[in-house]
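The values are calculated or read from the model by the stated rules, or taken from the named source; none is laboratory data. Model, not experiment: these values are computed from the prediction. Reconstructed Cβ throughout: ideal geometry from the backbone, glycine too, with neighbour counts over all protein chains shown. In case anyone asks, the SASA skips ligands and DNA or RNA and just uses the protein heavy atoms, side chains included. Shrake-Rupley method; radii C 1.70, N 1.55, O 1.52, S 1.80 Å.
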Amino acid sequence: MVLVDSIEKPAYDVFNLQHIRFDRMEIVHNPTGKYQGYDVLINFHTKENYEGYEGYVFHNNMLHFNKYNNSTLNVDNENASFAYTKNKWNIYARGNYYWGTGCYDIWTDKKYLFSGLEEKVIPNPDGSRNTTGYEWKAAGYVSVDYTIDPKSSISAVYTYNGDGNRSYYDRHIQRRLPSANIDDIVHRDERTYRKGEEHSLGLFYRNSRGQVKFDTDFNYRYLPSSFRNSVADDGTIDVHNRFRDRMNLTRLRLSAYIESKDQSLIFEWGYENNWKKYERIGYENNERLNTNSYLRNRFYLGFGYFRDKINIQIAPWIEAVHLKSNGESENQFPVGATAMFFYRLTRQNWMRLTYTCSTSYPDQGQSSEWGYFSEPYVWNGGNPFLKSSVNHNVSYWIDLFSCFNFQCGYTFNPDKFTTVGEVREGILPSGQHGKYVAFTAQNSRFNKVWTSVSFTKRFKRDFLYKADASIYHTKASWGDFSNSGNGYTFRTSLNYYNTPVRMNFNVVYEYNRVLIPAPQSLTKTGVEWPAISISKYWLKNNALETSLSYGGFFRMFNGDSRTWLKNPALESYKLDHGTARQGQRLTISLTYRFSGGKSVRQYNRSLSTEQ
């Protein structure tokens, strides 16, 4: 989490601000209170009476040259940011737009255990790809901060996020059912369109004048979205799923703390209220298909001790959650805590032991009991009374000689959200009565043990070498179903910056063996990424940056993504050449940074007069 004058800001925008606007920086390890769950809290403090502006404009394109993706230009991305400070006013604005596309193949084999029907995706007769997708994202952010005095301020923030995607699945499917003498090929056409928006308004007030320092904020979010899906099989079925979702959310947070005179002891407390309401409405007739909501009240206390080389923090919390769905209700009371012990061995060496406990809540799709058929024998729905997902994590971190880092940890979640399939019976999309597979959200158990090492070393002043490796074991279970396995990652890079010519060179090789277990499925993916990049800075103060990178130009290991699924209703296998179709990727980027104002001119004059 990154703050500017104790005000939350997007990290990427802060890191593009001029360093001359700040006079100091605070770093808090494992913060408690409303920032619990973050490893580090970074707070930049603006110089008193700073006056100036800065910003950047960014554009990049990604092009792919491989046989697994028919689309060459895959990504178009634009970003712009502006910051202005004068007297007691700070104004930040940011906007970005993203567009991406792909045209590729995904292969699946399915067997419905309740009937024996087998379905296999085969190549299209005309040689075309069976999957085409388009997506776009747009976002805007505006904030206005007013500093009442050095120890109090108010802020207003508005955020907009919009996104949409279109997917076309043009598949030929070979069907076999020996008991009914079925052995044919059907053409299945599926089209999905989704569009969503988020409007968010936040008001913040901070006051650290008195002995008790406090802050409060209020947020309102409105998220409307629409979903349209159609599936047709050679005239045998014609399914249309069309609905709109709406989400309203309010959040009120109050937090306060008090310090001892020598700042060695800190005591904090806080309250958070969240109200969220989901509605699902029919697209044509505005019929209310589902409504559900939750009201969450959270209370926490915190204690911190800071003395010389030692830092100890403890913060227990309790929540009261009231769920309501279509007239039925339920109460839940999750509890947890965060704790941290930090010890500095020497100036360059330190260690940290942490325990964090965080909660998450189901989204609209996971909590809506109204569902729909996405295929002739596949139904998707939610579970309105899922338990709040409480995630427990214990980790140990030791940092040695400012270049070597070792970490290990254990994660346990007894109520992780997962999708479970079962056999049901009812009216099928064909209009006939029969059995089908129903996928719904359930709470499952999840365990993960992991360890990692990292090495970073600068040499010859302009060279920076970095190597990271990690390994983990995960397991997911629900009832009699479970899956587990091991994954690992390795990444090494060498960076060289040539000051006289203002150029940066970077070489990286990364391989991730990704394993994602769920109680009824297991996904294994090999992600291999060799890349080289060159950046050149132009104009005064390096205002213009051009960058060229090329990645995925060789593969030593299999990069396919494979998913196996087995439940009482269905067995399936899915193959996706995901990593391969990202290969041979050329990225072209252009960034222009600008700045000005009274404080910037003074700084530039001081540099020009230095001897």
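Summary table
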item	result
Breaking point among (1) in a strand (DSSP E or B); (2) over 24 Å from the mean Cα position of the chain (by Cα); (3) in contact (Cβ under 8 Å) with a residue 24 or more places away in the chain, for residue 329	(3)
Filter pass, residue 182 being over 28 Å from the mean Cα position of the chain (by Cα) and open to solvent by less than 40 Å² (accessible area, probe 1.4 Å)	no
Test: residue in region 157-166 that is within 32 Å of the chain's Cα centre (by Cα), aliphatic (A, V, I, L, M) and buried (at least 17 other Cβ atoms within 10 Å of the Cβ)	yes
Residue in region 273-287 that is within 30 Å of residue 372 (Cβ to Cβ), among the polar types (S, T, N, Q) and out of contact with any strand residue (DSSP E or B) (no Cβ under 9 Å at 6 or more places or on another chain) present	yes
Condition check for residue 196: in contact with a Pro (Cβ under 9 Å, 6 or more places away or on another chain), more than 30 Å from residue 127 (Cβ to Cβ) and part of a strand (DSSP E or B)	yes
Output for region 321-356, where each listed residue is among the small types (Gly, Ala, Ser) and either open to solvent by less than 20 Å² (accessible area, probe 1.4 Å) or within 22 Å of residue 393 (Cα to Cα) (or both)	325, 336, 337, 339
Cross-chain or 6+ apart pairs with Cβ under 7 Å, region 390-411 first and over 18 Å from residue 467 (Cβ atoms), then assigned to a strand (DSSP E or B) and basic (Lys, Arg)	411/448
Some residue of region 601-608 being crowded, with 16+ Cβ neighbours inside 10 Å and touching an Asp or Glu at 6+ places or on another chain (Cβ under 9 Å)	no
Odd one out for residue 428 among (1) without any contact (Cβ under 8 Å) to a residue 40 or more places away in the chain; (2) open to solvent by less than 50 Å² (accessible area, probe 1.4 Å); (3) hydrophobic (A, V, I, L, M, F, W, C)	(1)
So residue 296, is it at pLDDT 90 or above and over 30 Å from residue 261 (Cα atoms)	yes
One residue from 306, 267, 243, 218 being assigned to a strand (DSSP E or B) and modelled with pLDDT of 95 or more	218
Complete set of residues in region 62-73 that are open to solvent by less than 70 Å² (accessible area, probe 1.4 Å) and either in contact (Cβ under 8 Å) with a residue 40 or more places away in the chain or over 30 Å from residue 583 (Cβ atoms) (or both)	62, 63, 64, 66, 68, 69
Residues that are in a strand (DSSP E or B), open to solvent by 40 Å² or more (accessible area, probe 1.4 Å) and free of Cβ contacts under 8 Å to residues at least 24 places away in the same chain, drawn from region 434-485	458, 459, 471
Filter result for the condition that a residue is among the acidic types (Asp, Glu) and assigned to a strand (DSSP E or B), over 284, 319	319
Which numbered condition residue 80 fails, given (1) modelled with pLDDT of 90 or more; (2) surrounded by 17 or more Cβ atoms within 10 Å (Cβ to Cβ); (3) hydrophobic (A, V, I, L, M, F, W, C)	(2)
Where residue 115 falls short, out of the listed (1) open to solvent by 40 Å² or more (accessible area, probe 1.4 Å); (2) hydroxyl-bearing (Ser, Thr, Tyr); (3) under 29 Å from the mean Cα position of the chain (by Cα)	(3)
Any hit, region 252-266, residues being within 30 Å of residue 227 (Cα to Cα), open to solvent by 30 Å² or more (accessible area, probe 1.4 Å) and under 24 Å from the mean Cα position of the chain (by Cα)	no
Filtered residues of region 192-221 (kept if within 25 Å of the chain's Cα centre (by Cα) and either open to solvent by 70 Å² or more (accessible area, probe 1.4 Å) or acidic (Asp, Glu) (or both))	194, 195, 197, 198, 201, 203, 217, 218, 220, 221
Identity of the residue in region 306-320, crowded, with 18+ Cβ neighbours inside 10 Å and not small (Gly, Ala, Ser), that ends up farthest from residue 413 (Cα to Cα)	311
Residue in region 360-381 that is farther than 26 Å from residue 571 by Cα, part of a strand (DSSP E or B) and open to solvent by 30 Å² or more (accessible area, probe 1.4 Å) present	yes
